[in-house]
Amino acid sequence: DILNTIVFGIWTPTITVGGYTYTTTDGRYQRIGNLVFINGALAITAITSAGGAGNFSMGGLPFTISNYGADVMGGLAINQWGSLQLNVGYTQLGFRPTTNTATFLAIQSGSSVAIAGVSLGSLGAAFTMNFTGMYLTSTVT
């Protein structure tokens, strides 16, 4: 029975591109069947190597995200964040799952603007965030 497969654990959230000095990389998860609930905190004190022109993604998830389709796989709610500059007109930060990976892509949204990725250049040297969310995985053990 799939509901008998309940697993608790710890994982380490990371920024997937570039080099950073982390002060907090705290993650917890609970998996029930193929549904994974996560929460945690991520904070840096220094950017040691630039990540280039790409978009900001958070990685290190405990299980690979399924390929059911981006709209049905989950998401993150950001409870608190700092030292991140969103583009003009954008007021909200969110993360959406990236299929067949262990990463969430940072996205920004706002009134009368299209949803867009968050560039790595938007991160400040004192970036911090607290988050909670869920996603589907095809892994059931």
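The values are calculated or read from the model by the stated rules, or taken from the named source; none is laboratory data. All figures in this text were calculated on a predicted structure; none of them were measured in a lab. Here the Cβ positions follow ideal geometry from the backbone for every residue, glycine too, while neighbour counts run over all protein chains shown. Each accessible area value is taken on the protein alone, full model and side chains, heavy atoms only, with ligands, DNA and RNA left out. Shrake-Rupley method; radii C 1.70, N 1.55, O 1.52, S 1.80 Å.
Quick look at the numbers
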read-out: Among (1) small (G, A, S); (2) assigned to a strand (DSSP E or B); (3) out of contact with any Lys or Arg (no Cβ under 6 Å at 6 or more places or on another chain), the one test that G75 misses; value: (3)
read-out: Of the criteria (1) under 19 Å from M73 (Cα atoms); (2) touching a residue at least 24 places away in the same chain (Cβ under 8 Å), which one A126 fails; value: (1)
read-out: Of residues in region 24-68 being polar (S, T, N, Q) and without any contact (Cβ under 8 Å) to a residue 60 or more places away in the chain, the one most open to solvent (accessible area, probe 1.4 Å); value: T48
read-out: Restricting region 1-21 to residues that are more than 21 Å from T101 (Cα to Cα) and out of contact with any Ser or Thr (no Cβ under 8 Å at 6 or more places or on another chain), the residue that is modelled with the highest pLDDT; value: I6
